[in-house]
Amino acid sequence: MEVEPISQPAQEKIEQVENADLVVGVLAQLDQAGLASVCDSLRELPGSPRVAILRDDHAANPAPATSASDGNGSSPFVLPWPLLHSETPGTPVVNMSNAFRSVFSASEKLGARACCVIASQLETKTPQWYSRLAAPLLEENLDLVAPHYARRKFEGLLNSSIISPLLRCLYGKRIYNPMGPDLGISRRLFQKMLGMIRIARAGENRAHPLASLAPAALCDNLQVCELHLGARVYPPTDWTNISSLVAQVLGPIFLDMERNAPCWQRTRASVPVPTIGEPLFVSQDTGTVDITRMVESFQLGIRDLPEIWGLVLPPSTLFELRKLSRLSLDQFRMPDELWVRIVYDFALAHRLRTINRDHLLRAMTPLYLAWVASYAHDVESAGPAAMEQRLERLSVAYETDKSYLVSRWRWPDRFNP
Amino acid sequence: MWEQVKQALAQSTARFLTGFANFLPGLAAFIVALLISIVLGCIVAWVVRRLLVGMEFDQRLTRLGIPASAESSSMKSPALVVSRTIAALIIMVGFLIGLEAFGAEWTSLLAQTIFDYIPHVLGAALVLLVGGMVARFLARSVLIGAVNLNLHYARLLSVGVKWLVFVMAVAMALEHLKIAPGIVKLAFGILFGGIVFSLSLAVGLGSKDLITKSLERDTQKASAENVEEPFRHV
């Protein structure tokens, strides 16, 4: 059974290349010069592996097929490839997931030893990072190379508040950007992912090629490392679409929790993973930020969504939220313990299908914005070290309260505080 | 004279007692049919409910996108609704069989009429059930969506949508029941139009201040959006 049906033109492109050691999917909007620097960087890989670059054929200036090949068999082959489906705007996570699946399929067809996805543009113009992402997969037989971007305090907030600390607490490994999106994946891991997608297609618990990647590697005790990179350029926030974004990101993560429950219930503490390179620091803004909009959204939620939140959250949490809603902007602080329990209760409600899952995830948005507002208050004048400490406290809160999640997960009816 | 009165009295008593004696078997049959149907209905309802719970009927409905049952109290569980509907149908059939036992022409006619009407009632009940579910689902979608857009009249919108859909479902059910179709159409038109008009008035006049504030806030937000915000989520 095919995971990703490969079209006839794509099949012809694969036949042109025949095989490759490494497949690199380029989702980032790179111009010809950018693509050339990717090729140059990959040429530096030791052992001169045969590299195929899949470039999104919806990109602004798609390169002609095999344009970068110089005919000696060592240069990367550039293949225009349908990676991002631009006909579905407003679904960046879904599009990214489809692109990953497409890269995995092509890698399998080409018999690649590893694949990489380059989805971001970094602020620091050091093109060597492309080869640094791929090298550990080919040389050290690592299975997953995850990025560790230099972070600014108000960027990647969904990752900082939920994804990274939750996966750290669940699977016991400290990966700062488990959902990449710039990732290196070994053959063993992408084949496992393709297998999971094949199995899941028959059932309803679909594996998500991006969100399931780190949990799948960690549950199988595969070799994972982090690569220190510069700051990532994030797309601007679309405030009208934020609930959709929350639903797209958290849905697959909660589904994975369901699939991997036997694995994460055994895990206790967390440990760091090996890192490559030195941490990079970026300048931080220290001015005040306006949190009015986010607090207003939360207060509106408290006023209009209590029936829905009441189905998901225990009375003690609702009581705390009501108290929080009465605080002035200056005093607005959401305790980490409260936020952690909210995330756990939503994950549990997702598993129990307490309400329609899309409604559930979207109803979490005002609570998420309340956390962002509280966090913004805490770190608005903080430097990089203070910000890291603040996020470390949050991660520790996730780990400390894991027993609550395990108890509610095992006995949802009996254990209800 | 007295003899004739006595005779008439005796005859009327005999006729009444004969009639009553003729009626008694029918009554007994009616009571038996009703009792059996109640017992049978309860048993079938229990079995159906167990089966539906066993096959996670409520959860399956939720998975199909029909508003969840787990969120409802046990009285509103779809499995319970289905089992109770089946029980009610069996009791209804028992009642009609009992009526037939009287053997009177009017009871037969009544039973026939009711039997003919049952499909309409079932159709109307289904329309109401689905309409209610859709109304609740849409109302919740609108409420969450509007709150996430920071609209201060989110609840008003949600209630408006819920009643629009529900009124439409009731009108369709009444149409199905063939109850005064002309009046129903007229009443539906008036009521539906009324709700839309009330919503428009509420937005335009009644909640003028609220809307003004909200729109002002939106405008401020729009201008604020032009100022680069530092928050990046994904």
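Worth a mention:
- Flag for A:Tyr398 being touching a residue at least 12 places away in the same chain (Cβ under 8 Å), of a type in the set (Ser, Thr, Tyr) and within 14 Å of chain B (Cβ to nearest Cβ): no
- For region A:346-378, a residue qualifies if it is assigned to a helix (DSSP H, G or I), closer than 21 Å to A:Ala261 by Cα and within 14 Å of chain B (Cβ to nearest Cβ), and the qualifying residues are A:Phe346, A:Leu348, A:Ala349, A:His350, A:Arg351, A:Leu352, A:Arg357, A:Leu360, A:Leu361.
- For region B:74-89, the criterion of being open to solvent by less than 20 Å² (accessible area, probe 1.4 Å), at pLDDT below 85, over 27 Å from B:Pro181 (Cα atoms) and assigned to a helix (DSSP H, G or I) is met by at least one residue.
- Number of the condition not met by A:Gly184 [criteria: (1) away from chain B (no Cβ under 14 Å); (2) under 21 Å from A:Glu155 (Cα atoms); (3) open to solvent by less than 20 Å² (accessible area, probe 1.4 Å)]: (2)
- The residues of region A:330-365 that are over 25 Å from A:Asn241 (Cβ atoms) and not acidic (Asp, Glu), listed by number, are A:Gln331, A:Arg333, A:Pro335, A:Leu338, A:Val340, A:Arg341, A:Tyr344, A:Leu348, A:Arg351, A:Leu352.
- Residue within region A:377-386 that is within 27 Å of A:Ser244 (Cβ to Cβ), of a type in the set (Gly, Ala, Ser) and in contact (Cβ under 8 Å) with a residue 60 or more places away in the chain present: no
- Region A:308-333: number of residues that are farther than 30 Å from A:Gly172 by Cβ and either loosely packed, with under 12 Cβ neighbours inside 10 Å or facing another protein chain (nearest Cβ under 9 Å) (or both): 10
- Verdict on A:Ser381 being surrounded by fewer than 14 Cβ atoms within 10 Å (Cβ to Cβ), within 14 Å of chain B (Cβ to nearest Cβ) and on the phi < 0 side of the Ramachandran plot: yes
- The residues in region A:210-235 that are under 15 Å from A:Met257 (Cβ atoms) and either within 14 Å of another protein chain (Cβ to nearest Cβ) or open to solvent by 10 Å² or more (accessible area, probe 1.4 Å) (or both) can be counted, and the count is 3.
- Hey, B:Ile195 touching a Gly at 6+ places or on another chain (Cβ under 7 Å), over 22 Å from A:Asn356 (Cβ atoms) and away from chain A (no Cβ under 14 Å) or not: yes
- Checked across region A:135-143, the condition of being open to solvent by less than 10 Å² (accessible area, probe 1.4 Å) and not in a helix (DSSP H, G or I) holds for at least one residue.
- Taken as a whole, the structure places B:Leu186 among residues that are away from chain A (no Cβ under 14 Å), surrounded by fewer than 19 Cβ atoms within 10 Å (Cβ to Cβ) and either closer than 25 Å to A:Ile242 by Cα or of a type in the set (A, V, I, L, M) (or both).
- Matching entry among B:Val127, B:Val134 (being more than 14 Å from chain A (Cβ to nearest Cβ) and modelled with pLDDT of 85 or more): B:Val127
- Taking region A:187-200 as the range and being open to solvent by 10 Å² or more (accessible area, probe 1.4 Å) and in contact (Cβ under 8 Å) with a residue 40 or more places away in the chain as the test, the residues that pass are A:Arg187, A:Arg188, A:Gln191, A:Arg198.
- Residue check, A:Leu245 within 14 Å of chain B (Cβ to nearest Cβ) and in contact (Cβ under 8 Å) with a residue 24 or more places away in the chain: yes
- Of the residues making up region A:283-301, just one is open to solvent by 10 Å² or more (accessible area, probe 1.4 Å), more than 9 Å from every other protein chain (Cβ to nearest Cβ) and in contact with a Pro (Cβ under 8 Å, 6 or more places away or on another chain), namely A:Gln284.
- Scan of region A:161-179 for residues that are farther than 17 Å from A:Asp401 by Cβ, open to solvent by less than 10 Å² (accessible area, probe 1.4 Å) and not hydrophobic (A, V, I, L, M, F, W, C), ordered by number: A:Pro178
- When A:Ala386, A:Ala373 are checked against the criterion of being among the small types (Gly, Ala, Ser) and either open to solvent by 50 Å² or more (accessible area, probe 1.4 Å) or more than 24 Å from A:Arg174 (Cβ to Cβ) (or both), a single residue qualifies: A:Ala373.
- Sole exception among (1) within 14 Å of chain A (Cβ to nearest Cβ); (2) outside any loop (DSSP other than H, G, I, E, B); (3) of a type outside the set (A, V, I, L, M) for B:His152, by number: (2)
- Checked against (1) within 14 Å of chain A (Cβ to nearest Cβ); (2) at pLDDT 85 or above, B:Arg49 passes all but condition (1).
- Odd one out for A:Arg152 among (1) at pLDDT below 90; (2) away from chain B (no Cβ under 14 Å); (3) open to solvent by 10 Å² or more (accessible area, probe 1.4 Å): (2)
The values are calculated or read from the model by the stated rules, or taken from the named source; none is laboratory data. Computed from a prediction, not measured in an experiment: that's the story for all the values here. When we count neighbours, we look across all protein chains shown, and the Cβ atoms used for this are built from the backbone with ideal geometry, even at glycine. Please note that ligands, DNA and RNA were not included when accessible areas were found on the heavy atoms of the full protein model with its side chains. Shrake-Rupley method; radii C 1.70, N 1.55, O 1.52, S 1.80 Å.
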